Amino acid sequence: MMDRDNFEKLMTEVKDFVNNKVRPFAGKFEEEEAVPLSLIKEMAERKYLAAPFPAEIGGLELDQVQYGLLTHEIGKGCPSVRALLTVHTSLVGQTLLRMANQEQKDKWLPLLAKGEKIAAFGLTEPDVGTDAKSVQTRYEKQGDHFVITGRKKWITYGHLADVFVIIARNEENVSAFLVERDRENLRTTPIKGLLASRAAYIAEIELNAVRVPEENVIGNLGQGFSYIVNTALDYGRYSIAWAGVSLAEAALEEMVKYARNRSQFGQKLYKFQLIHEMIANAVTKVQTAKSICLQAGEQRNNNADEAIMTTTIAKYYSSKIAMEVATDAVQLHGGNGCCNQYPVERLFREAKIFEIIEGTSQIQQEIISMYGLKKYNRK
Ligand SMILES: Cc1cc2nc3c(=O)[nH]c(=O)nc-3n(C[C@H](O)[C@H](O)[C@H](O)COP(=O)(O)OP(=O)(O)OC[C@H]3O[C@@H](n4cnc5c(N)ncnc54)[C@H](O)[C@@H]3O)c2cc1C
């Protein structure tokens, strides 16, 4: 954990970075369909890519609440920039930190921390999404190597990444592998025509008998789902929970700005009661979602039993309210909200993604309802 004074200093720096180098350019990154490499380099130099890692491997040693707050600021600037932290730092980095063997940690974590290698997480496939245990990508042992064949789809930062965590199966066994981009027969293709996340190098990965050595297996063979995927998705959900808060808060700020500037019927929009309703609801939703994320962060810091469930609730709730607040933000902007000259048009599209990634809202509802049916079963 970083001490309070240093954390406050860090957050001031992060806000300056976002206000000067991220937020004003989010629309441009989207148009150019790429977060600039120079920005990623700068984030690495500032150690943001290693924010929750220990100092000895180049990290900032942020605890889970602090890390959530850092991603929150970056997410307010640009969801595609924040997405790098979700996949590179949370899904891959934090999972390796917890589940990899010492050699893998020594090899990969300093490279990820410095941004010398960018990492992505390959679970979803063209025909396998929510039912992730049914991945069809196959591996088989050949001597001291594994040979992996299959396709992964929707992989965030997939077209940029240098290394992938690939989830594959052999009969009933699902395992996780580190697969470097430069392995023969691995190809990535960017996915175009996206609703949002356009600057996040989303790609399809084709693995056509890609050979990886034994030392690239993460954890034990056959425990790829129960250990690696579940751990990674838990980190990913925590990140997306904060992403929802970021987006909703950014949309709320745009609502307030517009309501204070735009006049109809001879007065500013913010004077109308129905506008008050939208703003009151948005404030309540943003603050409630933020409180649940903070609670999840505290529980994660304490390794509390409820941490995983609170994280799931936080992800479900904040992605839902992000969509609701972004919808009201467009409404409040009227016709201007439907045009890319105003950020709410982009925020509205970006919000939808959070209800789909890291487990759709429906699957979070399934998990939360199972928990609810037990916990609130008063006899
Ligand atoms: C922008 C973006 C980035 C992504 N990044 C990554 C990444 O980095 N790595 C990665 O591996 N994947 C990534 N994904 C994939 C994402 O995780 C999947 O899209 C998601 O898990 C849903 O899977 P699916 O799209 O196949 O939908 P499906 O599983 O086909 O679901 C379709 C619909 O059916 C519903 N449904 C499915 N099962 C049930 C059920 N049991 N009960 C009720 N409803 C159900 C779903 O909720 C959904 O509404 C990304 C996706 C997007 C859009």
Handout entry: Options L49, L97: the member that is in contact with a Pro (Cβ under 9 Å, 6 or more places away or on another chain) and either over 28 Å from L194 (Cα atoms) or not charged (D, E, K, R) (or both)
Key = L97
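Counting only residues that are touching a helix residue (DSSP H, G or I) at 6+ places or on another chain (Cβ under 7 Å) and near the ligand (Cβ under 10 Å from one of its atoms), how many does region 192-219 have?
Residues meeting the conditions: 5.
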Problem - Residues of region 171-205 classified as surrounded by fewer than 16 Cβ atoms within 10 Å (Cβ to Cβ) and in a strand (DSSP E or B), total - result: 5
Completion exercise
Of those in region 142-158 that are more than 11 Å from the ligand (Cβ to nearest atom) and touching an Asp or Glu at 6+ places or on another chain (Cβ under 9 Å), the residue nearest to I202 (Cα to Cα) is R151
Handout entry: Failed item, numbered, when I167 is tested on (1) within 12 Å of the ligand (Cβ to nearest atom); (2) among the aliphatic types (A, V, I, L, M); (3) surrounded by fewer than 18 Cβ atoms within 10 Å (Cβ to Cβ)
Key = (3)
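Would you check which residues across region 350-366 are in contact with a Lys or Arg (Cβ under 9 Å, 6 or more places away or on another chain) and under 19 Å from R82 (Cα atoms) and list them?
Residues satisfying the conditions are F354, E355, E358, G359.
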Problem - Count - residues of region 110-140 that are farther than 22 Å from D182 by Cβ and of a type outside the set (A, V, I, L, M, F, W, C) - result: 10
Practice task
Can you work out which of the residues in region 104-122 that are among the small types (G, A, S) and part of a strand (DSSP E or B) is farthest from L85 (Cα to Cα)?
Solution key: G122
Exercise for the section: Take region 327-379 and flag every residue that is within 23 Å of C78 (Cβ to Cβ) and aromatic (F, W, Y). Expected result: Y342, F348, F354
Practice task
Could you check how many residues of region 333-379 are polar (S, T, N, Q), in a helix (DSSP H, G or I) and either within 11 Å of the ligand (Cβ to nearest atom) or within 18 Å of I240 (Cβ to Cβ) (or both)?
Solution key: 5
Exercise for the section: Output the residues belonging to region 120-141 that are more than 10 Å from the ligand (Cβ to nearest atom) and either assigned by TED's automatic domain parsing to the domain that holds Q362 or touching a residue at least 60 places away in the same chain (Cβ under 8 Å) (or both). Expected result: K133, T137
Completion exercise
Scanning region 189-225 residue by residue, those in contact with a Gly (Cβ under 9 Å, 6 or more places away or on another chain) and free of Cβ contacts under 8 Å to residues at least 12 places away in the same chain turn out to be none
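The values are calculated or read from the model by the stated rules, or taken from the named source; none is laboratory data. Bear in mind the structure is a predicted one, so any value in this text is a computation, not a measurement. Positions of Cβ are backbone-derived with ideal geometry, glycine not excepted, and every protein chain shown enters the neighbour counts.
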